[in-house]
Amino acid sequence: MGVDLRQVVAGILTITMFVMLGQMLHRDYFDALQEKVQGDAHDIEFKGSKVAVEDGLVRAIQGVTNGPWMEDSHELKPCWSISQSDEAVSSKGYVTFSLTNGPEYHVSQITDAVMVAKHLGATLVLPDIRGSKPGDEMNFDDIYDVDKLIKSLESVVKVVRKLPSHVSLRDIAIVKVPTRVAEDYIKEHIDPIFKSKGNIRVTTYFPSVNLRKSSQGAETDPVSCLAMFGSLELQPAVNDLVESMIQRLKTHSKKSGGRFLAIDLRVEILEKKNCHAAGAVGSKTCYNAQEIALFLRKLGFDSDTTIYLTQPRWESSLNILKDIFPKTYTKESIMPSDKKSKYLELENSEYENVIDFYISSRSDVFVPAIPGLFYANTVGKRIALGKPQVLVPAEISGTSGRCTDYISPYISRKNHLAYSCFC
């Protein structure tokens, strides 16, 4: 039987049309789906919940979890008030002192010196700043705002910029005082020496780095509150540098809304033997880079989290942290190039310590891998600023944990002395 060529051609055309139609329908369907799940983030409904979708991947279930980030609380206001009995009354004597060992100590040292000068009725001499190495000396105004200090304290103690030339250093008695020195201690132990010598030099020692509130019912001296939280501010150039570094960290944190995390982790301290000793209840006191990385992952911080480390320079032991959190930086990688010669490349590390302290105080989350006064005084500043998310590391059993279970006891129990000064 003969084959009609026209029928064959018609059949081929018909089959081709069906194949083309099928391809068009398939492509239209997936193109439409791609338009919905790729590109800008959007929400879809899934089993009654809003699901955040970005680049085709589920990122978060809205209304179910807010992730590990917490919102800041409102900035607290000072509760202290200076009464007439607290107002400055200066004698002919002077109290001198130095700020040493970094900003976490400066906060306590300025407080103790002001308390001593106030209760002795003495004039306070502006301190110098001394580092941990011999010869590391700076002027107060290299780091802090002199006018702010003098103005803030004018109602309680007179401050002069330098010791008068007629006062001989041989006439100054050196007096050691415990940190958080109280009025009773000053009257009993310091006042007799001041009356005898006329001038004293105060050096603070730290029997404890604990900054918990005094016993229940005991009031915190308003002069102490003012000195600790209202007197020290960075001078403009240093403050501008810190601001620029914070903004750079925020720029790296676009996916988390500009939020970033600061970790006090210094390899030199971690390597010291006393850092590996167990705490009073048998718990760890220090955590290395790997342990911190696992802690943060189990709390839900994703690999895109931006992290600032207080470690002075990068070391290979930190690589594990950067492998898990690629956006991990030390100050050398986020400091503007034109500022490094002054603030980063000098032998004196005081600038670096100050940068660490103020960035840690203002980060969205602070994690102390090391216990001590840096942690305690950073928490105090954060309480005043309304930044309560301080996460104390611990070994988390299982695969995940809740951030609220690891909030610093200073905050969860409201027992930091800052809560005596702010409301």
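Need one number: the % of Cα-Cα pairs in segment 287-423 sitting beyond the 19 Å mark.
When all Cα pairs of segment 287-423 are counted, 55 percent exceed 19 Å.
With the contact rule set at Cα under 8 Å and sequence spacing of 6 or more, what percent relative contact order holds for segment 161-233?
34 percent
Taking only the alpha-carbon positions of segment 70-213 and ignoring solvent, what does the Debye formula give for the base-10 log of I(q)/I(0) at q = 0.10, 0.17, 0.19, 0.22 Å⁻¹?
The Debye formula, applied to the Cα set alone, gives -0.36, -1.03, -1.28, -1.61.
Could you work out the relative contact order of segment 142-265? I mean the mean sequence separation of Cα pairs under 8 Å and 6+ apart, divided by the number of residues, in percent.
This gives 34 percent for segment 142-265.
For Val177, enumerate residues with amide H under 5 Å from its amide H, sequence gap 5+ or separate chain, H modeled in the peptide plane.
Thr203, Thr204, Tyr205
Per residue of segment 326-339, in order, report the coupling 6.51 cos²θ - 1.76 cosθ + 1.60 (Karplus, θ = phi - 60°) as ³J(HN,Hα) in whole Hz, putting x for Gly and Pro.
Coupling constants for segment 326-339: x, 8, 10, 10, 9, 4, 5, 8, 10, 7, x, 4, 6, 9 Hz.
Calculate, for Ala173 and Ser400, the FRET efficiency according to 1/(1 + (r/R0)^6) with r their C-beta to C-beta distance and R0 51 Å; round to the nearest 0.05.
0.30
So, taking all protein chains as they sit and a 1.4 Å probe, how much accessible area belongs to Arg362, in Å² rounded to tens?
Accessible surface of Arg362 is approximately 80 Å².
In square angstrom, rounded to the nearest 10, how much accessible surface does Val267 have for a 1.4 Å probe?
10 Å²
Heavy atoms only, probe 1.4 angstrom, no DNA, RNA or ligands counted: give me Ile193, Ile292 ranked by accessible area, highest first.
Ile193, Ile292
Sort Leu126, Leu344, Leu385 from largest to smallest accessible area, using a 1.4 Å probe on the heavy atoms of the protein chains.
Order by accessible area, largest first: Leu385, Leu126, Leu344.
The values are calculated or read from the model by the stated rules, or taken from the named source; none is laboratory data. Remember, predicted model here, so these are calculated numbers, not experimental data. Heads up, the Cβs are rebuilt from the backbone with ideal geometry, glycines too, and the neighbour counts pull from every protein chain shown. For accessibility, only protein heavy atoms count, side chains too; no ligands or nucleic acids. Shrake-Rupley method; radii C 1.70, N 1.55, O 1.52, S 1.80 Å.
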